[in-house]
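Q: Have a look at this one before I ask anything.
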């Protein structure tokens with residue numbers, strides 16, 4: 001039987017999962033970035049850690065990762081998933097709004113850091129081609145490390161978050177041109193610097209597959225992604241919330257498929273995933289996709305971090321410690337100074353500039369791709385290149401530390417910019433005041449009334465046809481299951497003033513209310529109830545107000561009847577409101593007094609707001 005190795009084929013994966021189960025909770029308890037934990041786990045569990053002692057203690061082989069290559073593809077997928085999630089947060093409008101930061105500050109940072117670092121490597125005795133490749137590789141920062149670290153520290157909002165994100169996005173976009181430039185440089189080096197058309201022409205032709213591949217990804221994504229997701233969502237809707245596995249499988253297919261298509265065109269897998277994310281950012285399925293992808297992204301990024309730790313060759317570091325650590329500090333210092341200056345020119349305050357400069361100072365994961373490409377082609381000196389790669393790894397270890405240093409230095413730096421040029425920021429959109437769950441006839445009527453009175457809102461519905469109809473009419477409606485706390489969080493439940501649940505399925509209404517109350521005790525929650533018994537149950541679950549269909553229909557019929565009989569409108573409305581209050585008191589009588597008082601306070605505070 002093939003593969004009958006007593007589980008040994010999966011041993012490395014089991015070791016990683018065990019490390020993840022220990023590292024993340026432990027480092028969270030110690031309030032230390034889990035990124036550092038994964039990096040340290042990679043060093044400890046790798047061939048240069050406990051693996052060194054397997055000859056003396058063979059049982060240690062069960063607790064070490066013996067074949068890092070098994071995790072390499074998974075770690076590449078982790079970076080691709082991260083870039084895909086970044087793309088989902090973007091849109092063409094947002095990219096257009098950030099164009100000066102991305103294509104100005106970001107691209108200038110790549111060009112300037114590449115040039116200065118290349119010059120420094122030439123001063124260290126490296127040939128032009130090798131120095132240029134090393135400079136371009138180390139000019140890039142680690143998207144996979146920086147963004148999670150910044151998110152953990154709640155630093156992604158504001159000027160620091162925008163400038164850091166713009167710089168990383170520009171670097172990701174620059175990977176493909178840099179790889180093409182490396183190919184051209186190595187081709188010219190092999191030809192002895194010959195710039196004749198017979199040598200330069202084929203090298204430049206490498207641009208064609210990359211451009212064609214990007215165009216195909218964009219075209220196929222524009223035409224096919226939305227219908228594909230709509231088809232799966234309809235299947236899920238018909239099975240009453242089932243077939244979630246199909247939706248997850250489609251999400252995985254899009255990420256991996258776009259990445260493979262990009263790689264086949266000479267681009268990076270991460271860039272293909274980024275493009276796919278941007279294409280889906282405009283669709284109604286964005287939030288549901290984020291909910292389904294997030295667990296895979298976190299786990300696969302953990303594989304990436306462990307892989308980086310395994311890649312730290314302690315023998316190389318021990319052989320040339322001064323060179324390796326000196327290169328790491330030098331790269332961080334040079335890039336930080338250059339990025340700080342550029343950030344000031346682009347109008348960032350000293351606080352934002354110093355923090356941005358420090359987190360973008362260390363090298364990134366693409367340095368290994370670029371530098372290894374040059375190593376294979378013979379454009380760089382092997383011994384020195386290995387030292388550079390170890391320095392890049394050590395600098396990535398330093399990201400959580402320099403992020404902490406940058407945050408502390410930012411507190412003491414001047415808050416006002418020195419230059420008059422204001423940084424271009426994405427348009428700040430005011431958060432919605434109300435979240436409507438269910439956008440059928442009732443939900444749409446609520447939305448129309450909110451719009452009439454100038455209240456902002458977003459809506460969620462699990463029926464793709466209803467969502468599509470709402471978006472055609474200009475409403476901000478997303479597809480998704482609002483009974484999942486992750487979906488409510490993505491819809492901004494932390495900032496909204498009220499939640500209105502209008503679905504006609506009592507069980508789903510209960511699930512949404514329970515999920516919302518678990519996230520926020522003070523939120524105003526108004527829910528549609530099937531009947532009096534359901535309304536009483538909803539009050540027991542903590543709603544601020546429950547509106548039973550049968551009771552409201554009866555009151556409306558009574559109101560119309562009395563008015564048609566000639567009873568004055570004022571008297572009718574007063575009696576209707578009095579009767580509604582009586583019903584509410586009856587419904588609330590079954591719940592504890594403390595919860596009833598809390599609901600009343602929430603309703604009053606919501607009305608005042």
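One line per residue, one yes/no per condition, for (1) touching a helix residue (DSSP H, G or I) at 6+ places or on another chain (Cβ under 8 Å); (2) modelled with pLDDT of 85 or more:
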| position | (1), (2) |
| --- | --- |
| 545 | yes, yes |
| 564 | no, no |
| 580 | yes, no |
| 584 | no, no |
| 587 | yes, no |
| 592 | no, no |
| 598 | no, no |
| 604 | no, no |
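Q: Need at least 1 residues that are in contact with a helix residue (DSSP H, G or I) (Cβ under 9 Å, 6 or more places away or on another chain), farther than 13 Å from residue 284 by Cα and outside the structural domain of residue 293 (by TED's automatic domain parsing) per element, so show me which helices (runs of 4 or more DSSP H) inside segment 450-525 make the cut, counting only ones lying wholly within it.
A: Result: 485-490, 506-519.
Q: Would you confirm, using the coordinates I've provided, whether residue 288 is touching a strand residue (DSSP E or B) at 6+ places or on another chain (Cβ under 8 Å) and either within 21 Å of residue 88 (Cβ to Cβ) or modelled with pLDDT of 90 or more (or both)?
A: yes
Q: I would also like to ask the following. State whether one or more residues within segment 191-202 are within 23 Å of residue 365 (Cβ to Cβ), in a loop (DSSP other than H, G, I, E, B) and modelled with pLDDT under 80.
A: Within segment 191-202 (the criterion being within 23 Å of residue 365 (Cβ to Cβ), in a loop (DSSP other than H, G, I, E, B) and modelled with pLDDT under 80), the answer is no, since none of the residues qualifies.
Q: Let me ask something else. Where in segment 239-323 are there helices (runs of 4 or more DSSP H), lying wholly inside it, with at least 1 residues that are closer than 27 Å to residue 486 by Cβ?
A: 244-264, 269-281, 286-310
Q: Next question. Looking at segment 300-317 only, could you name the residues that are touching a helix residue (DSSP H, G or I) at 6+ places or on another chain (Cβ under 9 Å) and surrounded by fewer than 18 Cβ atoms within 10 Å (Cβ to Cβ)?
A: Listed by number, the list holds a single entry, 314.
Q: Can you tell which of 336, 383 is at negative phi, surrounded by 20 or more Cβ atoms within 10 Å (Cβ to Cβ) and assigned to a helix (DSSP H, G or I)?
A: 336
Q: Tell me, which helices (runs of 4 or more DSSP H) wholly within segment 74-150 include 3 or more residues that are within 29 Å of residue 382 (Cβ to Cβ)?
A: Once the helices (runs of 4 or more DSSP H) in segment 74-150 are filtered for at least 3 residues that are within 29 Å of residue 382 (Cβ to Cβ), what remains is 107-123, 128-139.
Q: Taking residue 541, is it assigned by TED's automatic domain parsing to the domain that holds residue 446, closer than 16 Å to residue 517 by Cβ and at pLDDT 80 or above?
A: Against the criterion (assigned by TED's automatic domain parsing to the domain that holds residue 446, closer than 16 Å to residue 517 by Cβ and at pLDDT 80 or above), residue 541 qualifies.
Q: Then there is this: In segment 104-119, what count of residues is obtained for those that are in contact with a helix residue (DSSP H, G or I) (Cβ under 7 Å, 6 or more places away or on another chain) and touching a residue at least 24 places away in the same chain (Cβ under 8 Å)?
A: Total meeting the criteria: 11.
Q: Go through segment 526-538 residue by residue and tally those that are out of contact with any helix residue (DSSP H, G or I) (no Cβ under 8 Å at 6 or more places or on another chain) and either farther than 15 Å from residue 439 by Cα or not assigned by TED's automatic domain parsing to the domain that holds residue 482 (or both).
A: Adding up the residues that qualify gives 1.
Q: Looking at 440, 480, which is the one that is surrounded by fewer than 17 Cβ atoms within 10 Å (Cβ to Cβ) and modelled with pLDDT of 90 or more?
A: 440
Q: Within segment 248-266, which residues are more than 13 Å from residue 229 (Cα to Cα) and surrounded by fewer than 24 Cβ atoms within 10 Å (Cβ to Cβ)?
A: If the condition is that a residue be more than 13 Å from residue 229 (Cα to Cα) and surrounded by fewer than 24 Cβ atoms within 10 Å (Cβ to Cβ), then 256, 257, 260, 261, 263, 264, 265, 266 are the ones that fit.
Q: Hey, can you tell me all the residues within segment 24-67 that are within 27 Å of residue 147 (Cα to Cα) and outside any helix (DSSP H, G or I)?
A: Once the filter is applied, which keeps residues that are within 27 Å of residue 147 (Cα to Cα) and outside any helix (DSSP H, G or I), segment 24-67 yields 30, 31, 32, 33, 46, 65.
The values are calculated or read from the model by the stated rules, or taken from the named source; none is laboratory data. As the structure is a prediction and not an experimental result, all values here were calculated from the model. Note that we place each Cβ from the backbone using ideal geometry, even for glycine, and neighbour counts take in every protein chain shown.
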